[in-house]
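Have a look at the structure below, then the notes.
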Amino acid sequence: MNTTLPVPVEFELPGPEWSPADPASYGVTNAAFLAVRAPLGEDYVPTLVVSGDERFDPASMREIAEEAVAVLAAETPHLRVLHREEVGVDTAPAVTQLVAAGIEIDGRRLDLLQMQVITALLDLDDERRRVVVIYKVTCLAEDWPRIGREFQDFMRTVRPLPEQTAPQKDAP
């Protein structure tokens, strides 16, 4: 995955509790964007990550979703997919999945939930090419009712930006 997105997207963070952060400072790799939220408790800082890349393979959206779970499983062996649903339209398919994971920090087990929204933008000029962007939020399971709503608010603002056309030399 790239650390920059192959297509520009715009979005708004869901509230003043969220702020952009340097992915490396939180141990997050392959992220084009990371935001952290003021914690609801003392145990865990919720994160919102945007990542993506171009793909030229025939993998289905379901297979791409399974790849995303496999990446998480490599970091967090105690996980299970609670829900997966294919959504979107033919030219912009997507999968949403909710994953439960257990991690240990300082000898204490924390139960986390991660919602992943995996979107694809198809190149109408080259059907082999597509851009896959993954939006994910991670929080304590007990914080999910609030963080889940905030993530929905965030996703409502996500928009791919049109490609910029180069200015003509004679343009004013």
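Key figures
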{"item": "Looking only at region 8-52, and only at residues there that are surrounded by fewer than 16 Cβ atoms within 10 Å (Cβ to Cβ) and among the hydroxyl-bearing types (Ser, Thr, Tyr), the one that is modelled with the highest pLDDT", "result": "Ser19"}
{"item": "Test: Pro93 is in a loop (DSSP other than H, G, I, E, B) and on the phi < 0 side of the Ramachandran plot", "result": "no"}
{"item": "Residues being under 12 Å from Gln114 (Cα atoms) and in contact with a helix residue (DSSP H, G or I) (Cβ under 7 Å, 6 or more places away or on another chain) - total across region 85-99", "result": "2"}
{"item": "Residue check for Leu110: of a type outside the set (Ser, Thr, Tyr), surrounded by 10 or more Cβ atoms within 10 Å (Cβ to Cβ) and either within 17 Å of Val9 (Cα to Cα) or modelled with pLDDT under 90 (or both)", "result": "no"}
{"item": "Filtered residue count, region 99-127, keeping only those that are in contact with a strand residue (DSSP E or B) (Cβ under 9 Å, 6 or more places away or on another chain) and touching a residue at least 12 places away in the same chain (Cβ under 8 Å)", "result": "18"}
{"item": "Restricting region 55-98 to residues that are of a type in the set (A, V, I, L, M) and touching a residue at least 60 places away in the same chain (Cβ under 8 Å), the residue that is nearest to Val45 (Cα to Cα)", "result": "Ala68"}
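The values are calculated or read from the model by the stated rules, or taken from the named source; none is laboratory data. Model, not experiment: these values are computed from the prediction. Glycine gets a Cβ as well: all are built from the backbone with ideal geometry, and neighbour counts include every protein chain shown.
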